[in-house]
1. Stokes-Einstein D for the chain at 10 °C, 1.306 mPa s, Kirkwood Rh over Cα pairs, in µm²/s?
2. On the Cα set of the range 8-82, report Rg and Dmax in Å, please.
3. Which percent of the accessible area of the chain is formed by carbon and sulfur heavy atoms (probe 1.4 angstrom)?
4. Would you mind working out the accessible area per residue for the range 191-287, using a 1.4 Å probe, and quoting it in Å²?
5. Enumerate the whole-percent occupancy of each 5 Å bin, from 0 to the last occupied one, for all C-alpha pair distances of the range 294-345.
6. Find which of Gly290, Tyr356, Gly179 sits farthest along the positive direction of the dipole of the chain, computed with +1 on the beta-carbon of Lys and Arg, -1 on that of Asp and Glu, about the Cα centre.
7. Can you give me the orientation-averaged projected area of the convex hull built on the Cα atoms of the range 69-223, in nm²?
8. Quick one: net charge around Ile62, please, counting Lys, Arg +1 and Asp, Glu -1 for every other residue with C-beta under 14 Å from its C-beta.
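The values are calculated or read from the model by the stated rules, or taken from the named source; none is laboratory data. Every value quoted in this text rests on a predicted model; they were computed, and no experiment measured them. Every residue, glycine among them, receives a Cβ derived from its backbone with ideal geometry; neighbour counts consider all protein chains shown. Surface accessibility is based on the protein's heavy atoms, side chains included, excluding ligands, DNA and RNA. Shrake-Rupley method; radii C 1.70, N 1.55, O 1.52, S 1.80 Å.
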Amino acid sequence: MASNGGAAPILISGGGIGGLVSAYALAQQGFPVRVFEQSPEFREVGAGIQLGPNVFRVLEKIGLKEAILADAHRPPAQEMRDALTGKLITRIPLDDKFFQRFGQPYGVTHRADIHGTFLKACQGSNLITLETSRRVDDYEERGGHVTVTLNNGEKVEGRALIGCDGMWSKIRERVVGDGKPRVSGHIAYRAVLKREEVPQDLWRPDVVLWAGPRTHFVHYPLRRGELYNLVAVFHSDHYEEGWNAEGAKDVMWQHFKMQVPQVTRMLERIETWRMWVLCDREPVKNWSQGRVTLLGDAAHPMLQYLAQGACMATEDAVVLAEKAAAKPDDLASAFQDYQQARYLRTGRTQIMARVYGEFYHARGVTAELRDLAVGSRSVEQSYDGIAWLYGGP
Ligand SMILES: Cc1cc2nc3c(=O)[nH]c(=O)nc-3n(C[C@H](O)[C@H](O)[C@H](O)COP(=O)(O)OP(=O)(O)OC[C@H]3O[C@@H](n4cnc5c(N)ncnc54)[C@H](O)[C@@H]3O)c2cc1C
């Protein structure tokens, strides 16, 4: 471990997945860190999260891979099916062959489990201070320090500030200043069932995606198979900030009622849906300014169609900590190095996530062409197609 202690702490705004893993990765490099979370407790919403092999590569570096895998489910394959006919479009194995190709597994986990692992790791570090009900409202950089202003008016000084405050980041307003996120016109409804609540004939160990016209529906097991995650996505111009509003059932049903019984029977099981209005932004490469930088959704918010937002935040955290450790006395320069190392990879993921969304929601001839293109690929060709992402960072 480098000796970067003894100085003022690095301040982190936001204690989501990105904020906590950044705190831990920085503390591992010897930096004292203070994390400010606006909510009264550190917690995550009830939903699943897919973890590509790229995230396990960086989790291994910070020693948390096994802890994350202990709660995860390891799906044997990803399947894409036609939601109107039930036909299998493609099946990509995530088994030994996948592991041999990418050197890491594929996992699915509960957001609370991965967040909980990061939280526990942070709580075990005497370099990290975790503070709840503390909203970072503003900051000022002066004389080699950054001073943040909290919601109670208190001012706290640190040697640098990392904005891990998500899609609607206040720090980004100052650093990048590109207004509100882009509303995609897509909306996601999510729910988690207990395994016994899923009809036995519908329970599948795989990640299954039902592609329909302007919709898709994904399901997979969570928490060692004890839970089942469901996400239904459709086109809608509804807009609401945040990740926890209740979604009206009848609105969703209009989009799915003509789909195969494997889809409709599953959707009928859900009493209450939570809703996410899906937003992203254009990629940028100016998310660091002096001793202030951004990370995760604050830096490069993306649609979830590649299942990579949290994976990218985790990659960011490990790269940022490495760059900071290389230049502990010049964090402004380290933040430029971090941004330089990350912006093309995260930008590509932002853009490709949009393309995948179009692809899942294709209709008519476009859908036929999609089915032909992906259906005719060998397993190796499927792996080649995603190697730019899974082979990194
Ligand atoms: C439907 C859906 C499915 C997804 N599936 C996947 C998936 O399968 N795999 C994957 O890798 N990613 C997935 N993602 C993306 C992933 O959830 C996000 O990219 C990830 O949570 C971003 O983490 P973050 O820490 O950057 O931001 P957030 O999780 O938004 O955390 C920000 C934190 O900052 C706090 N905060 C905000 N403002 C302030 C402030 N001013 N002061 C203090 N605290 C503040 C918030 O309360 C919050 O705790 C999905 C997203 C959606 C919407």
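1. The calculation lands on 74 µm²/s.
2. 15.4, 55
3. Reported share for carbon and sulfur atoms: 48 percent.
4. On the way: 4500 Å² over 97 residues.
Using a 1.4 Å probe on heavy atoms only, each residue of the range 191-287 averages 46 Å².
5. P(r) over the range 294-345, rounded to whole percents: 5, 22, 31, 21, 12, 6, 3, 1.
6. Final value for the positive-end residue is Tyr356.
7. 14.5 nm²
8. -1
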